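One structure is given here, and the rest of the page talks about it.
The values are calculated or read from the model by the stated rules, or taken from the named source; none is laboratory data. This one's a predicted model, so the numbers in the text were calculated from it and none came from an experiment. In this analysis, Cβ positions are derived from the backbone assuming ideal geometry, glycine residues included, and neighbour counts consider all displayed protein chains.
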Amino acid sequence: MSRKTLIAGNWKMNGLLTDGTALAKDVAAAVRKMEKPECEFLVCPPFTLLTTVKKALRGAKVALGAQDCHFAEKGAHTGDISPQMLKDAGCSYVILGHSERRTDHGETSELVCKKAGAAHDAGLKTIICVGETLSEREAGKALDVCTRQIIDSVPENATSADTVIAYEPVWAIGTGKVPTTGDVAEVHAAIRKTLAKKLGKGNAGKMRILYGGSVKPNNAKELLSLEDVDGALIGGASLKAEDFIAIAKNAGVC
Ligand code: 13P
């Protein structure tokens, strides 16, 4: 089953006008130079930079995404951003249920599911994140936790065309620690099995499952060559265009 590798950068709460624009321009320039990348590139800057980054990416095959959205189209939700607003700003993707949102803002899988449904209705693709904490892994519960999060966070009518999953072990995010390739392979396979039960084998077989958590140029190859790993969701290393592009190059997808 062929699934186009997705190399996605989650800039998190980083980037002011000057450095954010420069980063986007550098990524765009590097991607423009590529003959025929076999992968899809995506950057997800903070809300404040969306329109500027969109302009900086002009003419380059790099998609634009946001890092969260509300489930409502508009209304009295101070500080929130709707899927329609993201679409209007030029986004084609939105990351949902990142562990930092689950922790910092108490987001539940049920809320993530509601947001994902609204994002799909607005024509956005979602990257739905799941992952266990260190204590859950040490207690042998990683598979159970990720499976539960998939069941509860992914809408019933999600398809491989509108949904991407990201497995991000919480303890691997920003720490330089990476699970063994055996552990990554095990969780990705379990996620695909769960997706098959929930959405049917056809959708599950075509749905991309990214790995995220301390992906760097030097570990990209071994992680991205695993059977069920269809790309990477990159935090820290996506803030340097050189490293972001090197991850795709070292993985052999561009
Ligand atoms: P790091 O690549 O900095 O570990 O972050 C991963 C992540 O959370 C991407 O969403």
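Criterion first (within 11 Å of the ligand (Cβ to nearest atom), of a type outside the set (Val, Ile, Thr) and either under 18 Å from the mean Cα position of the chain (by Cα) or within 22 Å of GLN149 (Cα to Cα) (or both)) does GLY202 satisfy it? So GLY202 fails the test.
Taking MET1 as the residue in question, decide whether it is under 30 Å from ALA196 (Cα atoms) and modelled with pLDDT under 95.
On the way: under 30 Å from ALA196 (Cα atoms): yes; modelled with pLDDT under 95: yes.
Against the criterion (under 30 Å from ALA196 (Cα atoms) and modelled with pLDDT under 95), MET1 qualifies.
Selection within the range 66-108: residues that are among the aliphatic types (A, V, I, L, M) and closer than 24 Å to VAL170 by Cα. The member of this set that is nearest to the chain's Cα centre (by Cα) is ILE95. Restricting attention to the range 161-200, the residues being assigned to a helix (DSSP H, G or I) and β-branched (Val, Ile, Thr) number 6. Considering the range 153-171, the residues that are of a type in the set (Gly, Ala, Ser), over 23 Å from LEU223 (Cα atoms) and buried (at least 22 other Cβ atoms within 10 Å of the Cβ) include one that is nearest to the ligand (Cβ to nearest atom), namely SER153.
Of all residues in the range 69-85, those that are surrounded by fewer than 14 Cβ atoms within 10 Å (Cβ to Cβ) have Cβ atoms under 9 Å from Cβ atoms of residues that are in a loop (DSSP other than H, G, I, E, B) and modelled with pLDDT of 95 or more, 6 or more apart or on another chain, in GLU73/SER82; GLU73/ALA122; LYS74/SER82; GLY75/SER82; HIS77/HIS70.
Evaluate the following for ARG192: is it more than 13 Å from CYS146 (Cβ to Cβ), at pLDDT 95 or above and within 18 Å of the chain's Cα centre (by Cα)? It is false that ARG192 is more than 13 Å from CYS146 (Cβ to Cβ), at pLDDT 95 or above and within 18 Å of the chain's Cα centre (by Cα).
Within the range 9-53, count every residue that is under 18 Å from MET85 (Cα atoms) and either within 16 Å of the ligand (Cβ to nearest atom) or out of contact with any Cys (no Cβ under 8 Å at 6 or more places or on another chain) (or both).
To start, the set of residues in the range 9-53 that are under 18 Å from MET85 (Cα atoms) comprises 43-53.
Adding the requirement that they be either within 16 Å of the ligand (Cβ to nearest atom) or out of contact with any Cys (no Cβ under 8 Å at 6 or more places or on another chain) (or both) leaves 43-49, 51-53.
The number of residues fulfilling the criteria is 10.
As a summary of the residue check, ARG148 satisfies the conditions (1) under 30 Å from ALA28 (Cβ atoms); (2) more than 16 Å from the ligand (Cβ to nearest atom); (3) without any contact (Cβ under 8 Å) to a residue 40 or more places away in the chain except for the one numbered (1).
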